[in-house]
Amino acid sequence: MSNILVIEDDVYTRTVIRQMIEREGHNVLEAANGEDGIRVFRENRIDLTVTDILMPEKDGITTIFELKKLSPSVKIIAMSGGGRLGPEIYIKLAQKMGSDSTLTKPIERTKLTAAIGMLLGQ
């Protein structure tokens, strides 16, 4: 069982993602924004992080950068539903900052579990 941190500001989306991951047998820790996510990451052993890109207080791009500074080997899945520029722009930024995989919202369970399995070597 792996510890997976889900950073997502939308409560409903975060809950759905948590449930998808828990069904695969993983332990899930949650954070509502990048600031909380960094704190949870520092306080726990995290095997993989799933983070939204557009969030209040600390966005996902900054969060990915800080996570990689704290632990260069951390595995990160970045996700975006878009915004003014559309999800493709944010996804490209996340990849440049070091995300290992990207997903567009709405998140499909099969794509999420495949990305997690690939990154955790399962």
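For this structure, a couple of remarks:
- Among the residues of region 10-29, those identified as without any contact (Cβ under 8 Å) to a residue 40 or more places away in the chain, within 19 Å of Glu108 (Cα to Cα) and buried (at least 17 other Cβ atoms within 10 Å of the Cβ) are Arg14, Arg18, Val28.
- Any hit, region 51-64, residues being assigned to a helix (DSSP H, G or I), of a type in the set (Ser, Thr, Tyr) and either out of contact with any strand residue (DSSP E or B) (no Cβ under 7 Å at 6 or more places or on another chain) or more than 18 Å from Asp9 (Cβ to Cβ) (or both): yes
- Residue count, region 22-41 (criterion: aliphatic (A, V, I, L, M) and out of contact with any helix residue (DSSP H, G or I) (no Cβ under 7 Å at 6 or more places or on another chain)): 2
Conditions (1) modelled with pLDDT of 95 or more; (2) in a strand (DSSP E or B); (3) polar (S, T, N, Q), marked per residue:
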position: Met1; (1), (2), (3): no, no, no
position: Ile4; (1), (2), (3): yes, yes, no
position: Asp9; (1), (2), (3): yes, no, no
position: Thr13; (1), (2), (3): yes, no, yes
position: Glu30; (1), (2), (3): yes, yes, no
position: Glu35; (1), (2), (3): yes, no, no
position: Ile38; (1), (2), (3): yes, no, no
position: Arg42; (1), (2), (3): yes, no, no
position: Ile46; (1), (2), (3): yes, no, no
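- Test: residue in region 82-89 that is surrounded by 16 or more Cβ atoms within 10 Å (Cβ to Cβ) and among the β-branched types (Val, Ile, Thr): no
The values are calculated or read from the model by the stated rules, or taken from the named source; none is laboratory data. Computed from a prediction, not measured in an experiment: that's the story for all the values here. A quick note on method: Cβ atoms are made from the backbone with ideal geometry, for glycine too, and the neighbour counts reach across all protein chains shown.
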